[in-house]
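Working notes, beginning with the structure itself.
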Amino acid sequence: MPSEAENKRQAARDVIDILEDISKILNTNLNRTELSLCVSLIENGVNPDALATVIKDLRREAGTSRHGPVDPQGAE
């Protein structure tokens, strides 16, 4: 019988699996590790809207997204 800790780890993996599917549908270009970090930040009190803004700003500053150049007007 799995321990409580193993059940929690499996539940966390299941959540990330679902978030990864949603991420792909929405074309966020966030991988599992990045999604896990975002979840952790949000669970620790970071405002989700502010986090999304920071991610978009960092991508814009980098000058490219994973698909190529980002529109300087902010549309992705």
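Every number in this text was worked out from the coordinates using simple rules, so none of it is lab data. Quantities reported herein were computed from a predicted structural model and do not represent experimental measurements. Glycine also receives a Cβ, built like all others from the backbone with ideal geometry; neighbour counts cover every protein chain displayed.
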| query | Does any residue of the stretch 16-27 turn out to be polar (S, T, N, Q), surrounded by 14 or more Cβ atoms within 10 Å (Cβ to Cβ) and not in a helix (DSSP H, G or I)? | reply | no
| field | Among residues of the stretch 28-46, those that are assigned to a helix (DSSP H, G or I), of a type outside the set (D, E, K, R) and touching a helix residue (DSSP H, G or I) at 6+ places or on another chain (Cβ under 8 Å), counted | value | 6
| request: Considering every residue within the stretch 5-15, establish whether at least one is touching a Leu at 6+ places or on another chain (Cβ under 6 Å) and either assigned to a helix (DSSP H, G or I) or not polar (S, T, N, Q) (or both). | output: no
